[in-house]
Structure formats: structure tokens, C-alpha cells
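Following: one structure in C-alpha cells, then a few remarks.
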Amino acid sequence: MANLDDVLIFVKVAQFESISRAARSLGMPISTVSRRLSVLESKLGVSLLRRTTRRVTLTAQGREYFNQCREPLTLLEEAERVLTLGQKTPAGMLRISVPVILGQEPFLNFLSGFLKAQPRIQIDLFITNLFLDLVAENIDVAIRFGELQDSSVVATRLGMSIRYVVAAPEYLKGRKLPVEPADLKLHDCVMLNARNNEADWDLVYGRKKARIRVSGPISSRDFNSVSTFVYRAHGIGLLPSTYCDEALASGGLIRLLPKWASPQIPVFVVYSNRKFLPLRLNVFLNALAAWKSPLWIRE
């Protein structure tokens, strides 16, 4: 069986993609790290790493070994931390991934309040619509909209989001209002993540369902810019209710096809399946569950 310390050195090198950075992290000489890696490769009889003057990358066998080793080592580290520190004070780095829709004031205010309440916790925030691999990217926790595909994560449902068909009064001047979902084909639409400025919108009304191919002058990757172009009368949008409730109440937007809306979109908080959760993650999950978010509807 391989020496556990050598395996830990390998995992650190794989995470940093650098022998020198791993050596600094471990408080070891670079020569010692290189030698222990060679011993591990000899013991296993495979090449785990490709070394160049600029970086270190994993071989196919190295990637498989890393994926198998990282989680057990993390469990050991967390178990040791529980025993030695007693999990009395939440502290350390918390890496969080959220979609672009959360990169706005309400969620940022929530994080600000959380950091003030937990001054020994640091946050590394990833704002992206990509579903990052939690293990490969070393992400502690993520918030995701939509049905989940990865069955290896632990998921807790926070609520749901729903989208309305809306437009600015200026856009609707002189235009015939849509009466049925199919009428949206006759209008300019502002779309999210469209290809070639075309997108399929799914709408429901009770048990009725409709899928309409819409098109328009602009598509974007985040709801902030989509909503801006809808407000500025470039077309009809399918916006989260939390983005348009105030504008609908004030008359800044008009809801079209009011009996129709998007299907309910679930919102989840997800994290890797660990037996020992770091206290910093536990307190974040509790704070998130208690937060009255304006970005999703509690069920």
C-alpha cells in the first residue's frame, strides 16, 4: 500500500498544478516533494504527472487516482479538524458557486451580513452559469436553478422560481397584443442563452403546455442584461417574477398572456457528499435556509 503522506503530497501537487506551490503549502523543500512523487509513482508502477518547466498536469491514470484519493483525504482532514478543534468556531475558506442571477444586490447583501456575523470565515465566490464540478473545482457549496443531473451531490431545495411573459408599454405601442402563446412568433423577443438569436420558450397554463420558437434582436447570458433590454422596449421577455413584480405593479412593465407562465423552476443548494461537514459550511447552510430571499419563492 502506498504511503499516505506521499498520497497527500500528490493530491496537493494535483490541486495546485505546481510542485513549488504544493511544497510551500506543505512546508517542504521542493526536492523532497519531487522525490516523494517519484517514490509514489514507482510504488504504483504508473506515471501520475507530466512535468514541464511551466506547470504540472495529470496523466489519465493520475486523474483517476486523484479523483479516488481526494475525497477520502478530505474526510480524514475534516475528521481530524473535528477532533482537534472540536468544531467550536466556524473559520476558514468557503468556496461558493452561484449563477449570474444571484450576482446582484440582494444576495450580495446576504453574503455581506453573513461575513460580518462570521468574521473568521473567508469566501471565494464564483459567479457563473456553468455547473462547475464541485470536486474537480474544489467548490464547497453551490446554488443551482433547474433540475439536477448529478446524483452524487447532496441537494436541499430552497424554493422555486417562475417566469412571466412581459414587455414595456413603449414596445407594445402600435402592436397587437399576443392572445395565445403562438402569437409570440410575430414579436421581437429578448432571450437568454439563445442560439442564433432563436430560443424555445416553454409555457404552461394549468394542464396545457406550449413550446414556442421565438426570435429577436438580442440575446444575453444573464437576466440583468435581458431585463434591461426588455425595460428599454427592445422586445418581449420571459423574466423571473422577482425581476418584474415591482415594475408590473408600477406600470413599468405589462404582463402578457397572464394565464400562462413558465413551469416552476426548482432552486437547490448542493454540496459534496461528506460525512464530516466543516462547521463553516454548516453555518452557511443554516443562514441560507433562514434567509428570506427575494430571488426565489418558498414553497
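The values are calculated or read from the model by the stated rules, or taken from the named source; none is laboratory data. The structure presented is a predicted model; accordingly, all values stated were derived computationally and were not measured. Backbone-built Cβ (ideal geometry, glycine too); neighbour counts: all protein chains shown. With ligands, DNA and RNA removed, areas are computed over all heavy atoms of the protein, side chains included. Shrake-Rupley method; radii C 1.70, N 1.55, O 1.52, S 1.80 Å.
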- prompt: Among the residues of region 159-166, is there at least one that is out of contact with any strand residue (DSSP E or B) (no Cβ under 9 Å at 6 or more places or on another chain) and among the aliphatic types (A, V, I, L, M)?
  reply: no
task: Please tell me if Asp150 is out of contact with any Cys (no Cβ under 6 Å at 6 or more places or on another chain), on the phi < 0 side of the Ramachandran plot, of a type in the set (D, E, K, R) and assigned to a helix (DSSP H, G or I).
output: no
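Which residue is nearest to the chain's Cα centre (by Cα), if the candidates are limited to region 262-275 and must be surrounded by fewer than 17 Cβ atoms within 10 Å (Cβ to Cβ) and outside any strand (DSSP E or B)?
Filtering region 262-275 down to residues surrounded by fewer than 17 Cβ atoms within 10 Å (Cβ to Cβ) leaves 263-265, 273-275.
Within this subset, residues satisfying the condition of being outside any strand (DSSP E or B) are 263-264, 273-275.
Details: Pro263: 21, Gln264: 19, Asn273: 16, Arg274: 19, Lys275: 22 Å.
Here the answer is Asn273.
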- line: Scanning region 167-198 for residues that are under 14 Å from Gly216 (Cβ atoms) and in contact with a Leu (Cβ under 7 Å, 6 or more places away or on another chain) gives Ala167, Ala168, Pro178
message: Return the residues of region 262-299 that are of a type in the set (A, V, I, L, M, F, W, C), in contact with a helix residue (DSSP H, G or I) (Cβ under 8 Å, 6 or more places away or on another chain) and farther than 14 Å from Leu94 by Cβ; say none if nothing qualifies.
response: Phe276, Trp291, Leu295, Trp296, Ile297
field: Matching residues, region 39-87, being modelled with pLDDT of 70 or more and farther than 23 Å from Val135 by Cβ
entry: Val39, Ser42, Lys43, Gly45, Arg51, Thr52, Arg54
message: So Arg36 passes all but one of these: (1) touching a strand residue (DSSP E or B) at 6+ places or on another chain (Cβ under 8 Å); (2) at pLDDT 85 or above. Which condition number does it fail?
response: (1)
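Among residues belonging to region 39-59 that are under 33 Å from the mean Cα position of the chain (by Cα) and β-branched (Val, Ile, Thr), point out the one that is surrounded by the fewest Cβ atoms within 10 Å (Cβ to Cβ).
Filtering region 39-59 down to residues under 33 Å from the mean Cα position of the chain (by Cα) leaves 48-52, 54-59.
Okay, now just the ones that are also β-branched (Val, Ile, Thr), so 52, 56-57, 59.
Working: Thr52: 7, Val56: 20, Thr57: 12, Thr59: 14.
The residue in question is Thr52.
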query: When you scan region 103-149, how many residues do you find that are open to solvent by less than 30 Å² (accessible area, probe 1.4 Å) and within 14 Å of Phe284 (Cβ to Cβ)?
result: 10
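Out of curiosity, is Arg21 open to solvent by 20 Å² or more (accessible area, probe 1.4 Å) and within 24 Å of Val135 (Cα to Cα)?
Working: open to solvent by 20 Å² or more (accessible area, probe 1.4 Å): yes; within 24 Å of Val135 (Cα to Cα): yes.
Against the criterion (open to solvent by 20 Å² or more (accessible area, probe 1.4 Å) and within 24 Å of Val135 (Cα to Cα)), Arg21 qualifies.
When only residues in region 109-131 that are among the polar types (S, T, N, Q) and not in a strand (DSSP E or B) count, which is farthest from Ile143 (Cα to Cα)?
Here is the first cut: in region 109-131, the ones among the polar types (S, T, N, Q) are 109, 112, 118, 122, 128-129.
From what's left, not in a strand (DSSP E or B): 109, 112, 118, 128-129.
Numbers: Asn109: 16, Ser112: 17, Gln118: 20, Thr128: 11, Asn129: 10 Å.
Only one residue tops the list, namely Gln118.
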Strands (runs of 3 or more DSSP E) wholly inside region 172-261 that include at least 3 residues being modelled with pLDDT of 95 or more and closer than 24 Å to Met160 by Cα: 198-205, 208-220, 236-240
- prompt: So Tyr164 clears everything in (1) over 23 Å from Phe229 (Cβ atoms); (2) assigned to a strand (DSSP E or B) except one condition, right? Which one?
  reply: (1)
- request: Would you be able to say whether some residue in region 151-162 is modelled with pLDDT under 85, open to solvent by 70 Å² or more (accessible area, probe 1.4 Å) and within 23 Å of Asp222 (Cβ to Cβ)?
  value: no
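If I filter region 204-223 for residues that are aromatic (Phe, Trp, Tyr) and surrounded by fewer than 17 Cβ atoms within 10 Å (Cβ to Cβ), do I get at least one hit? Reasoning before the result, please.
Narrowing region 204-223 to residues aromatic (Phe, Trp, Tyr): 205, 223.
Retained after the next criterion (residues that are surrounded by fewer than 17 Cβ atoms within 10 Å (Cβ to Cβ)): 205.
Yes, region 204-223 contains at least one residue that is aromatic (Phe, Trp, Tyr) and surrounded by fewer than 17 Cβ atoms within 10 Å (Cβ to Cβ).
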